[in-house]
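I have placed the structure first, in the form of structure tokens, so that the comments after it can refer back to it.
The values are calculated or read from the model by the stated rules, or taken from the named source; none is laboratory data. Small disclaimer: the values here were computed from a predicted structure and weren't measured. Every residue, glycine as well, gets a Cβ built from its backbone with ideal geometry; the counts of neighbours run over all protein chains shown. Keep in mind that these areas ignore ligands, DNA and RNA; they rest on the heavy atoms of the full protein, side chains included. Shrake-Rupley method; radii C 1.70, N 1.55, O 1.52, S 1.80 Å.
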Amino acid sequence: MEQSNPNLSTDFVKDMLAESPAKEPKAVVADRIPKLPKNVHWAVKAVVEPYPEDRQEVMALMSLPFLGMMGGDARFLYRNQEVHHLGFECCLVGEQSIGKSALTRMQNMLISKVIEADNETRQKSDEYADECIAAGDGKEKPKDPHYGTRIMMPSTTKAQLFQNLKNLKGKRAIITCPEIDSLNVANNWSRDGGANERLMFDTEVGGQDTKSHAGTSARVPMAVNLAMSGTPKAVKHHYKNAEDGLVTRVGFCSFPQDMDEEAEERARSKKNIETILMIQDILLSEAEGEVISIPQLKKQQLEWCAQQKTVSDASGNQSINTFRKRAAVMGFRAGCTLYLLDGKKLTRKTLEFAKWVSEYVLYFQLKYFGEQMNESIEENAQMMQVPVFARNANAWVFCQMREEFYYCNVEDAYTQMGLKATGYRTIVARWIKNGWVEKVDKDRFRKTELGLQICNQKMKVVS
């Protein structure tokens with residue numbers, strides 16, 4: 001069937017070019033938890049089918065590390081000739097006894113064939129260990145077969161991590177950690193200031209060198225996906241520093257506060273299990289080959305990313321600008337995963353899901369770490385003696401406006417700064433939504449008390 005060419009121009013971009021000033025622009029950063037697309041992709045539907053409706057968004061996101069691990073041999077072309085693997089790091093945040101154990105049941109179903117293969121590998125590894133013991137001291141030991149498993153335990157040490165990845169020879173692995181605070185033990189693979197987790201997201205090379213022959217020396221691609229969960233306090237303790245780049249690489253999620261706790265997870269039907277097994281077969285059969293290019297998906301994600309820059313500038317919320325880039329990447333990789341499942345064909349449902357992933361990830365990153373990220377940005381700017389405000393053109397223009405101003409004044413201010421004035425109507429509409437400005441009549445606006453306070457605060461920073 002011939003693929004249609006979906007129109008990737010969005011309502012938001014149209015609003016920037018031609019919206020009437022009396023209209024409110026379409027919000028890009030969600031004001032509430034983004035809902036899954038109504039007509040969701042068949043694979044996502046199969047994954048979330050057993051779960052109550054108010055938990056399906058969480059489980060859809062948390063499935064990505066498992067799906068990405070199975071399809072991890074595929075590579076995709078993104079911006080600036082970057083080659084991306086299907087690396088995902090997701091974390092479910094929730095209080096005790098709220099249902100985080102669903103993550104373990106999801107693992108048992110979604111990667112059942114990997115679990116089966118790993119069990120056979122572990123049995124062979126035990127047999128090899130028994131042969132070594134039976135050989136005794138002073139006798140020639142059997143040759144090490146270098147077995148590797150794709151599912152690693154949270155308690156894995158650094159040496160075990162690097163040795164296992166070395167044995168896997170580039171195959172992608174996964175670590176599922178139902179309680180994130182269990183990583184806070186000596187010599188754990190994660191006790192390195194987040195370095196390994198950052199490398200895992202981008203499948204960058206990591207490793208260690210040892211002088212001892214008994215130790216593990218390795219230089220390997222950190223091809224590992226992470227599926228974690230924990231209480232808010234435990235998650236905050238693990239991700240202590242918003243500035244180190246780790247939180248921008250994680251897709252956080254949590255069940256809604258008004259979740260129906262009495263609703264139960266249903267048993268999967270025979271048809272559903274068959275679909276899940278088919279998903280595994282398709283992804284596990286993917287062999288590393290040529291880098292795959294999906295121009296329409298890349299275009300959509302980069303446009304979405306650019307839209308968030310406009311929102312960040314208009315609102316003065318610099319954390320949006322920081323989080324948006326990797327949120328777009330996670331959506332791109334999610335779309336790539338569904339692209340494989342559809343026989344390497346791009347569908348509108350794949351595009352919709354990819355954008356949903358980006359919006360959902362950005363929402364929770366801002367919710368949990370937005371304020372901390374903004375504080376970090378301000379501190380860095382002060383150290384560099386470059387006020388954040390001075391680098392935010394839209395906020396700067398806002399403070400150049402008189403207490404009452406017109407559209408033409410905004411346009412003139414942009415022109416004087418040597419910037420394009422396209423989209424200034426949308427910027428003013430965003431000021432109104434933020435409560436900085438109120439509309440007097442068709443083309444005239446007045447700063448609110450909040451808007452005046454913001455200007456005073458910003459000007460003090462500059463001075």
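For the stretch 223-279, give me each residue that is over 21 Å from Ile98 (Cβ atoms), under 15 Å from the mean Cα position of the chain (by Cα) and of a type in the set (A, V, I, L, M).
Within the stretch 223-279, Val224, Ala242, Leu246, Val247 qualify.
Filter the stretch 89-110 down to the residues that are surrounded by 14 or more Cβ atoms within 10 Å (Cβ to Cβ) and under 21 Å from the mean Cα position of the chain (by Cα) and list them by number.
Glu89, Cys90, Cys91, Leu92, Val93, Gly94, Lys100, Ala102, Leu103, Met106, Gln107, Leu110
Hey, could you check the stretch 150-200 for residues that are out of contact with any strand residue (DSSP E or B) (no Cβ under 8 Å at 6 or more places or on another chain) and of a type in the set (A, V, I, L, M, F, W, C) and say which is surrounded by the fewest Cβ atoms within 10 Å (Cβ to Cβ)?
Ala186
Would the stretch 199-206 turn up any residue that is outside any loop (DSSP other than H, G, I, E, B), out of contact with any Leu (no Cβ under 9 Å at 6 or more places or on another chain), in contact (Cβ under 8 Å) with a residue 12 or more places away in the chain and within 24 Å of Met330 (Cα to Cα)?
Our first condition is that a residue be outside any loop (DSSP other than H, G, I, E, B); within the stretch 199-206, this holds for 199-202, 205-206.
Restricting the remaining residues to those that are out of contact with any Leu (no Cβ under 9 Å at 6 or more places or on another chain) gives 199, 202.
Right, trim to in contact (Cβ under 8 Å) with a residue 12 or more places away in the chain and you get 199, 202.
Right, trim to within 24 Å of Met330 (Cα to Cα) and you get 199, 202.
For the stretch 199-206, residues outside any loop (DSSP other than H, G, I, E, B), out of contact with any Leu (no Cβ under 9 Å at 6 or more places or on another chain), in contact (Cβ under 8 Å) with a residue 12 or more places away in the chain and within 24 Å of Met330 (Cα to Cα): present.
Please name all residue pairs, on different chains or six or more residues apart, with Cβ atoms under 9 Å, provided the first residue is in the stretch 138-157 and is in contact (Cβ under 8 Å) with a residue 60 or more places away in the chain and the second residue is assigned to a loop (DSSP other than H, G, I, E, B) and surrounded by 11 or more Cβ atoms within 10 Å (Cβ to Cβ).
Arg150/Gly72; Arg150/Ile111; Arg150/Lys171; Arg150/Arg172; Met152/Trp189
Is the stretch 268-290 home to any residue that is open to solvent by less than 50 Å² (accessible area, probe 1.4 Å), hydrophobic (A, V, I, L, M, F, W, C), touching a residue at least 40 places away in the same chain (Cβ under 8 Å) and in contact with a strand residue (DSSP E or B) (Cβ under 8 Å, 6 or more places away or on another chain)?
No, every residue in the stretch 268-290 fails to be open to solvent by less than 50 Å² (accessible area, probe 1.4 Å), hydrophobic (A, V, I, L, M, F, W, C), touching a residue at least 40 places away in the same chain (Cβ under 8 Å) and in contact with a strand residue (DSSP E or B) (Cβ under 8 Å, 6 or more places away or on another chain).
Name, by its number, the condition in (1) touching a strand residue (DSSP E or B) at 6+ places or on another chain (Cβ under 7 Å); (2) modelled with pLDDT under 95; (3) under 13 Å from Asn225 (Cβ atoms) that does not hold for Lys100.
With (1) touching a strand residue (DSSP E or B) at 6+ places or on another chain (Cβ under 7 Å); (2) modelled with pLDDT under 95; (3) under 13 Å from Asn225 (Cβ atoms) applied to Lys100, the lone miss is (3).
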